[in-house]
1. Could you tell me how many of the residues in the range 8-27 are more than 15 Å from residue 53 (Cβ to Cβ) and either surrounded by 16 or more Cβ atoms within 10 Å (Cβ to Cβ) or touching a helix residue (DSSP H, G or I) at 6+ places or on another chain (Cβ under 6 Å) (or both)?
2. Looking only at the range 29-58, filter to residues that are touching a helix residue (DSSP H, G or I) at 6+ places or on another chain (Cβ under 6 Å) and crowded, with 17+ Cβ neighbours inside 10 Å; which one of those is farthest from residue 1 (Cα to Cα)?
3. Which count do you get for residues in the range 33-47 that are within 20 Å of residue 22 (Cα to Cα) and part of a helix (DSSP H, G or I)?
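The values are calculated or read from the model by the stated rules, or taken from the named source; none is laboratory data. Quick caveat, the model's predicted, so the values are computed rather than measured. Note: ideal-geometry Cβ built from the backbone for every residue, glycine included; neighbour counts use all protein chains shown.
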């Protein structure tokens, strides 16, 4: 975990750095994706992810499916299945 995320978590304050690529506009998780991942280390449901992204859980499912297609395609290309 980045030092800035550790500090925000330790002080229990939201990250002020909106330019950070880990910034997430979600106060409950201190506006940091790293804090979210640490908090939910055993995974999250689509319904838990949706409000963090500002989309519906159905849209999260669509994004997940598209990502899995890309991963499978790359895997097959790399390992010739």
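1. The total comes to 5.
2. 50
3. Of the residues in that region, 8 qualify.
To keep it simple, each residue is scored yes or no on (1) within 20 Å of residue 26 (Cα to Cα); (2) in the same structural domain as residue 24 (by TED's automatic domain parsing); (3) in a loop (DSSP other than H, G, I, E, B); (4) touching a residue at least 40 places away in the same chain (Cβ under 8 Å).
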{"position": "49", "(1), (2), (3), (4)": "yes, no, no, no"}
{"position": "52", "(1), (2), (3), (4)": "yes, no, no, no"}
{"position": "55", "(1), (2), (3), (4)": "yes, no, yes, no"}
{"position": "60", "(1), (2), (3), (4)": "yes, no, no, no"}
{"position": "65", "(1), (2), (3), (4)": "no, no, no, no"}
{"position": "68", "(1), (2), (3), (4)": "no, no, no, no"}
{"position": "72", "(1), (2), (3), (4)": "no, no, no, no"}
{"position": "76", "(1), (2), (3), (4)": "no, no, no, no"}
